[in-house]
1. Does region 171-185 contain at least one residue that is free of Cβ contacts under 8 Å to residues at least 12 places away in the same chain and under 35 Å from the mean Cα position of the chain (by Cα)?
2. Quick test for you: out of ILE161, ILE130, ILE134, ILE141, pick the one residue that is on the phi < 0 side of the Ramachandran plot and either touching a Phe, Trp or Tyr at 6+ places or on another chain (Cβ under 9 Å) or assigned by TED's automatic domain parsing to the domain that holds ALA10 (or both).
3. Give, as residue ranges, the helices (runs of 4 or more DSSP H) completely inside region 88-185 that count at least 2 residues that are surrounded by fewer than 14 Cβ atoms within 10 Å (Cβ to Cβ).
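The values are calculated or read from the model by the stated rules, or taken from the named source; none is laboratory data. The model shown is predicted, which means the values in this text are computed figures rather than measured ones. Note that each Cβ is placed from the backbone with ideal geometry, even for glycine, and that neighbours are counted across all protein chains shown.
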Amino acid sequence: MEKRYKKYVAVMVLCFLFGGFSIGSYLLQVYSAVWQEDIGQIIRGETRNLPPLSVFNESNFTNTTEFNRNRFSINPYSALVSPISLILLFTGIASLLAGFSIWNLVREKEIKSTKKAMLDIFLLPEEKKILEEIEKEGGSIRQNEIVRNTGFSRVKVHRIIKNLEKKNLVIKQQYGMTNKIALKK
């Protein structure tokens, strides 16, 4: 990993951590609401789909009047659609998406820099010079302009372009009496 990408990676890791924490918290709320509903069914005696648990009888609680007063007066699922819970869910999703976007950006930049480094290693100096001329002109240039700008002969430019075509780096298209040379994307 290059030094210049460390900031991106740090932000990406923070996005993944925050997103995971947020979505995990929301899923914990979902689990809690489902569990609370199941316990409510057990206490009310609606145990047709649940295994019997004698732990949650009213007699096990010391203050039964307080137990009866606080007996699930609100719907446990209403907490899942509260604004705070929804903000937690959506910020978690947005944070994960931002983390994946940063990861993809860093990956593309690393691939591009690796490709450029590999080209520098495997290309001849003349080929590099012609590629630089094409890049300088915005990605496409006429072949006769390459001859004029580099000072190479027409035959030498033709041979170098032929080699670059074999390496899948440029595309040559007929353009009147000359050729238009463009970088391959």
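1. Initial filter on region 171-185 (free of Cβ contacts under 8 Å to residues at least 12 places away in the same chain): 173-174, 176-177, 185.
The next check asks that each one be under 35 Å from the mean Cα position of the chain (by Cα); those that pass are 185.
Yes; the residues of region 171-185 include at least one that is free of Cβ contacts under 8 Å to residues at least 12 places away in the same chain and under 35 Å from the mean Cα position of the chain (by Cα).
2. ILE130
3. By residue number, 125-136, 154-166.
Results for (1) surrounded by 13 or more Cβ atoms within 10 Å (Cβ to Cβ); (2) modelled with pLDDT of 90 or more; (3) in contact with a Phe, Trp or Tyr (Cβ under 6 Å, 6 or more places away or on another chain), shown as yes or no for each residue.
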residue: MET1; (1), (2), (3): no, no, no
residue: TYR26; (1), (2), (3): yes, yes, no
residue: VAL55; (1), (2), (3): no, no, no
residue: PRO76; (1), (2), (3): yes, no, no
